[in-house]
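The values are calculated or read from the model by the stated rules, or taken from the named source; none is laboratory data. All values reported here derive from a predicted model rather than from experimental measurement. Cβ placement follows ideal geometry from the backbone for every residue including glycine, while neighbour counts extend to all protein chains displayed.
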Amino acid sequence: MGSSEVILSVKGLTASINGTPILKGVDLEVKAGEIHAIMGRNGSGKSTLSKVLAGHPAYEVTGGEVLFHGEDLLELEPEERARKGVFLAFQYPLEIPGVSNLDFLRASYNARRKEQGLEEVDAFDFDDVVEEKLDVVKMDAAFLNRSVNEGFSGGEKKRNEILQMALLEPSLGILDETDSGLDIDALRTVSEGVNQVANENNAMVLITHYQRLLDYIKPGFVHVMYDGRIIKTGGKELALELEEKGYDWIDEKLAAGVA
Amino acid sequence: MSASVQTLVNQPYKYGFVTDIETVKIPKGLNEEVVRLISAKKEEPEFMLDFRLKAYRKWLTMAEPDWAALGYPEIDYQDIVYYSAPKAQEKKQSLDEVDPALLETFEKLGLPLSEQKRLTNVAVDAVFDSVSIATTFRADLLKHGVVFCSISEAVKEYPELVQKYLGSVVPVGDNYFSALNAAVFSDGSFVYIPKGVKCPMELSTYFRINSADTGQFERTLIIAEDDSQVSYLEGCTAPMFDTNQLHAAVVELVALENADIKYSTVQNWYAGDENGVGGIYNFVTKRGLCKGKNSKISWTQVETGSAITWKYPGCVLVGDNSVGEFYSVALTNNCQEADTGTKMVHVGKNTRSTIISKGISAGRSSNSYRGLVKIGPNAEGARNYSQCDSMLIGDNAAANTFPYIQVQNPGAKVEHEASTSKIGEDQLFYLMQRGISMEDAVSMMISGFCKDVFNQLPMEFAVEADKLLSLKLEGAVG
Amino acid sequence: METVNLTSNSLSPEMQSNSDRVEKQSPAEKRAACLQQLLEISKTDGVAALSELQAHAAALASELAIPSTRDEDWRFTDLSKIVAAQFVAADGKASVSTDAIAGFVLPEARSSRIVFVDGVYNPELSDLSAADNVTVGNSDALATVSKHVAQLPGSEEVFTTLNTATFADVAVVHVAKKAIAETPLHLLFVSTGSNRISQPRCMVVAEASSQVSLIEDYVSLGSAQGGDGSGFSNAVTEIVVEANAQVEHSLIQREAMGSFHIGKTSVIQAQDSRYTNIAVQIGAALSRHNVETHHQGTQVETNLYGLALVAGEQLADTHSNIQYNHPHCQSDQLYKAIATDKGRSVFSGRVGVPKLAQQTSAAQLNRNLLLSNKARVDTKPQLEIIADDVKCSHGATVSQLEDDQVFYLQSRGIDRDSAQHLLIEAFAAEILLKLPVASLRETLTATVTQRTESAI
């Protein structure tokens, strides 16, 4: 794996919202073919990291650097990042009343294709493209005619996120608590979807609260985030340890100066 | 980011030019002599002069309404020219004889009138300041028995129809502005669809205000006989002046048994500049009478212009099983103020009405929905559904909803829903994270918000309306 | 054109006010004269501690008139019957026995009851022995709360001004900081009838983190107790809800069917407070309830609920107004009305959300059940919004009982009449079940059933 291309390189990243520092120096390197999990309790900065990587305007980057395929990611607008292959599956996917899911998916798909120098796809051909991807998340075609996420259940929203990821084929997929609030069937569907999208050329970063997700998606790396920094990195066993002992033992270790 | 959304909605007005043309104007001011003069200039029959005088005398006893959520300086009714026409305004038999400057004006507005360039499936009546200058396809329509001409011509050629229906839906004393219109109206369109005829093409009137001190008072009358059908569209633009012009129109629709009238408006009068200087004061009374059984009147409006809009197109549902519809998109920006909505008056049994209103407010503008749904004591089985949604862009704009519901029949069912939403940072970020640019994201959300209304417009104009809103939203991303 | 009268009056009530002929003088003069007469009749010695305030209000009132239907706030409620009626002063000396009010006593608040007769405290009829953690009394107990009287928004409104100018006594409820009043307080206002006009007044202050449940209850003496069913109560209640305090306020108006009732509830709420109003209007020939709350801090919660029942020729009018001023506040409103016979129900609800009040939510729903073809419902839910990050919705429905629902119950073996009763009770129950005491819920449910009998 050592020879794989570095997709994402984060060094000393600090960021704040409304003047309050949240990220206090994050270091993370993600290579092609890898799956990373970032765990941590609420408020540790996990979700903020995902939003900063995607370019959410509410956060101000105060220091550090982020390279995506060697290019400065922080210079780019959110839509440029998306077109270059950064995909964020939202923790709370937004409802966009009046905009049909199908139109939205096509606009998004074509924006990515244009960036890749490919021809845009018309409405007719797009039906075929999307049809194929629906199977990935076991979604019914009827979803396509509804407004984006409007009136969707929690599980449907999350599946819609994975459908979008399958369609856009990003080189970096960041899944922000995609597993939270899902029942076991939905969790399985979503996980299988992620596994189908993941391959040796792309990378996935799973942000999660619960070890449960990792029963279905096997990360090569597990990071523990604490107070705006990644304080511990290990293999899958670290996730099990966290699940078993909770996050308190990290506090204790920190207190003891071990971590 | 909201600041940049704001810049998206600021777009220069592209119809703001003035046509340099010699006009005949009467002096400013209003009195009984002026009313007589207008009638005389138009060589009207006696009944029209009586109609005007009755309205004028009524108007004198009335006071300007002040209940709307609008604020504007007092209008000096003596400082307005009540009649202005391009010189040699005599209606030409052929378009070749129309002043080329006028033809050029309408061409510039995207509305070529000449034989070669005109739209093939739409008949157009072009009204410039106070008079109709040309009506296309008039003869072709007449072959089907459809009368489409200026109301001045109708007064002369179809006096019995005009006398029978003029003021029958909007009585002269209905309100302050309709009384004023009845006294001084100069032109407008007249449509008559005979029994059993489905009008073979879209009819449309294009209103152009050109002079700075002239009020525009047009009057439209559409009569659809039993089993007939017509779709009509009006468009409006005006030059940019730093003074305000008064526009007080009246539209009356009469639908007899099984008749179907669809009336669409794309209103883009000059709205004034970003500081609220200039712009049209638009006080309009529009009402349709579903007189016959199973008749239907549908109003669709896209209101993007005017400094002040005061307008409540309504339906009086007298015939049993008759249907009234109102679909509206009102966009206000900068200092614009709109107080608009509808009135659905259910008189007959099993009458149905639908109201879909979408208000978008940006800048420091104020956008109010005001609607009345009235179910009379005999309107057994009447149904109304109203939905009024507001979208706010920026936090200086106001969105108000004032529905009035009055029900006197227990067999009726009335439902009203309203909601507010916004184009917010988070929705935009979500769309942008999927690679969609901010302009496209905003445009998608606006079109989505207005979809229910645009779907009601005749196809040719749905595209126009979407473009119009997009134009209003075009601009640099900040 | 015979079938419909196309004059401005029939078509455009909201557009008529200024488009008609300039108003004739005499009705306006009559309405002004009426108010002056009411002011004169109602004149009392007042409350000594508030004499300056009352004199000021009297001066203001002398410039005012009874509103007409041209006044937007009174468009659907014609007060000409009040203008035409002859009222006499309520001297507060009418003798009322314990037996006479026995039927109004709530078992759950038997000993936390304060009684006012025609607006004046009656110690003999009151029993406050079980009123815990709260100061309850009349104007003698005003002390610390007097500074709040007539200071709340809306106090310049015409009937409120009349009340302020003329009230003879004040019901006072004062809950000290952190005090939790466990027992509901019953504030019983008795009208003795005989065309007397009374000016009940109530001042409630719930200090920080306190909690109280009030039942403000307007009744008339029955004929057996000397009541003749007439009279006019012009009531005003002001409530100050301080930070983090919780006030649950039930308001029952069950006065005699020939009387007039105009009531005002004005509330100010500090941060983190919660105020709930449950208003039931079933009495009086003509009644009006104005309820307004003004937010004075963040995270305020306001809940307004109401049920109006109009039968015979009754008219009940509710005007609610929630004025937001701060972010992160929320409100919920549900107003229901049942109109039968020739009854008329009016609702107007306003929610104002200024720019400051971001991240607020407001829901308002008005549901009306129309049970007769002579009955009438007017409703006007309004939203006025300037803030852009808000979640506001409102809705209104007017309909009769759903045939499908009646049929469904019938298909399960329930006869048609019972099915209708059940559905009407269920419609009312959504509000009545929010009342804190069972005895009231039962009494009022029985009243609903009995009054809607004619519609079934």
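Listing for the model above:
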item	result
Candidate set from region B:129-145 (those that are in a helix (DSSP H, G or I) and of a type outside the set (A, V, I, L, M, F, W, C)); member that is modelled with the lowest pLDDT	B:Arg138
Residues being closer than 25 Å to B:Asp440 by Cα, touching a helix residue (DSSP H, G or I) at 6+ places or on another chain (Cβ under 8 Å) and not in a loop (DSSP other than H, G, I, E, B) - total across region A:69-79	3
Odd one out for B:Val329, checked against (1) in contact with a helix residue (DSSP H, G or I) (Cβ under 6 Å, 6 or more places away or on another chain); (2) within 7 Å of another protein chain (Cβ to nearest Cβ)	(2)
Residues being out of contact with any helix residue (DSSP H, G or I) (no Cβ under 7 Å at 6 or more places or on another chain), in contact (Cβ under 8 Å) with a residue 12 or more places away in the chain and either assigned to a helix (DSSP H, G or I) or among the basic types (Lys, Arg) (or both) - total across region A:141-155	1
Only one of B:Gly359, B:Gly348, B:Gly371 that is in contact with a Pro (Cβ under 9 Å, 6 or more places away or on another chain), crowded, with 24+ Cβ neighbours inside 10 Å and more than 7 Å from chain C (Cβ to nearest Cβ)	B:Gly371
B:Lys422 closer than 20 Å to A:Ile96 by Cβ, of a type outside the set (A, V, I, L, M, F, W, C) and either crowded, with 21+ Cβ neighbours inside 10 Å or more than 7 Å from every other protein chain (Cβ to nearest Cβ) (or both)	yes
Residues (crowded, with 18+ Cβ neighbours inside 10 Å, among the hydrophobic types (A, V, I, L, M, F, W, C) and free of Cβ contacts under 8 Å to residues at least 24 places away in the same chain) located in region A:80-122	A:Ala107
Single condition A:Val66 does not satisfy, out of (1) touching a residue at least 40 places away in the same chain (Cβ under 8 Å); (2) within 14 Å of chain B (Cβ to nearest Cβ); (3) touching a helix residue (DSSP H, G or I) at 6+ places or on another chain (Cβ under 6 Å); (4) not in a helix (DSSP H, G or I)	(2)
Enumeration of residues in region A:82-99 that are at pLDDT 90 or above and either assigned to a strand (DSSP E or B) or more than 8 Å from every other protein chain (Cβ to nearest Cβ) (or both)	A:Lys84, A:Gly85, A:Val86, A:Phe87, A:Leu88, A:Ala89
Selection count where residues are under 13 Å from B:Thr205 (Cα atoms) and not hydroxyl-bearing (Ser, Thr, Tyr), scope region B:130-175	8
Residues being acidic (Asp, Glu) and either part of a helix (DSSP H, G or I) or at pLDDT 80 or above (or both) - total across region B:16-43	3
Whichever residue in region C:401-422 is in contact with a helix residue (DSSP H, G or I) (Cβ under 9 Å, 6 or more places away or on another chain) and within 12 Å of another protein chain (Cβ to nearest Cβ) and, among such residues, is modelled with the lowest pLDDT	C:Glu402
Enumeration of residues in region B:132-177 that are buried (at least 21 other Cβ atoms within 10 Å of the Cβ), more than 14 Å from chain C (Cβ to nearest Cβ) and among the hydroxyl-bearing types (Ser, Thr, Tyr)	B:Ser132, B:Thr135, B:Thr136, B:Ser150, B:Ser152
Counted residues, region B:374-393 - those being at the interface with chain C (Cβ under 7 Å from one of its Cβ atoms) and surrounded by fewer than 21 Cβ atoms within 10 Å (Cβ to Cβ)	1
Out of B:Tyr327, B:Tyr369, sole residue that is of a type outside the set (Asp, Glu), in a strand (DSSP E or B) and under 26 Å from B:Gly276 (Cβ atoms)	B:Tyr369
B:Gly324 being in contact with a Cys (Cβ under 6 Å, 6 or more places away or on another chain) and within 26 Å of C:Ser372 (Cβ to Cβ)	yes
Of all residues making up region A:100-138, the number that are within 26 Å of B:Asp452 (Cα to Cα), more than 10 Å from chain B (Cβ to nearest Cβ) and not in a helix (DSSP H, G or I)	1
Flag for A:Glu60 being touching a residue at least 40 places away in the same chain (Cβ under 8 Å), within 14 Å of chain B (Cβ to nearest Cβ) and in a strand (DSSP E or B)	yes
Single match in A:Ala58, A:Ala32 (criterion: within 27 Å of A:Asp179 (Cα to Cα) and in contact with a helix residue (DSSP H, G or I) (Cβ under 8 Å, 6 or more places away or on another chain))	A:Ala58
Residue satisfying condition, being within 21 Å of B:Gly448 (Cα to Cα) and at pLDDT 90 or above, within set A:Leu105, A:Leu134, A:Leu118	A:Leu105
Residue list for region C:385-400, restricted to those being assigned to a loop (DSSP other than H, G, I, E, B) and either touching a Lys or Arg at 6+ places or on another chain (Cβ under 6 Å) or more than 9 Å from chain B (Cβ to nearest Cβ) (or both)	C:Ile386, C:Ala387, C:Asp388
Qualifying residue in region A:46-54 (condition: surrounded by fewer than 16 Cβ atoms within 10 Å (Cβ to Cβ), out of contact with any His (no Cβ under 9 Å at 6 or more places or on another chain) and not in a loop (DSSP other than H, G, I, E, B))	no
A:Val136 out of contact with any strand residue (DSSP E or B) (no Cβ under 9 Å at 6 or more places or on another chain), over 16 Å from A:Leu206 (Cβ atoms) and β-branched (Val, Ile, Thr)	yes
Selected residue (criterion: surrounded by the most Cβ atoms within 10 Å (Cβ to Cβ)) from residues of region B:297-315 that are under 15 Å from B:Gln216 (Cβ atoms) and either of a type in the set (Ser, Thr, Tyr) or under 12 Å from the mean Cα position of the chain (by Cα) (or both)	B:Ser306
Hits in region B:215-257 (condition: part of a loop (DSSP other than H, G, I, E, B) and either within 18 Å of B:Lys296 (Cα to Cα) or free of Cβ contacts under 8 Å to residues at least 24 places away in the same chain (or both))	B:Glu225, B:Asp226, B:Asp227, B:Ser228, B:Leu256, B:Glu257
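Residues are listed down the side, and each one gets a yes or a no for (1) touching a Lys or Arg at 6+ places or on another chain (Cβ under 9 Å); (2) surrounded by fewer than 20 Cβ atoms within 10 Å (Cβ to Cβ); (3) of a type outside the set (Phe, Trp, Tyr); (4) part of a loop (DSSP other than H, G, I, E, B):
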residue	(1), (2), (3), (4)
C:Lys147	no, yes, yes, no
C:Thr160	yes, no, yes, no
C:Ala165	yes, no, yes, no
C:His174	no, no, yes, no
C:Phe189	no, no, no, no
C:Gly193	no, no, yes, yes
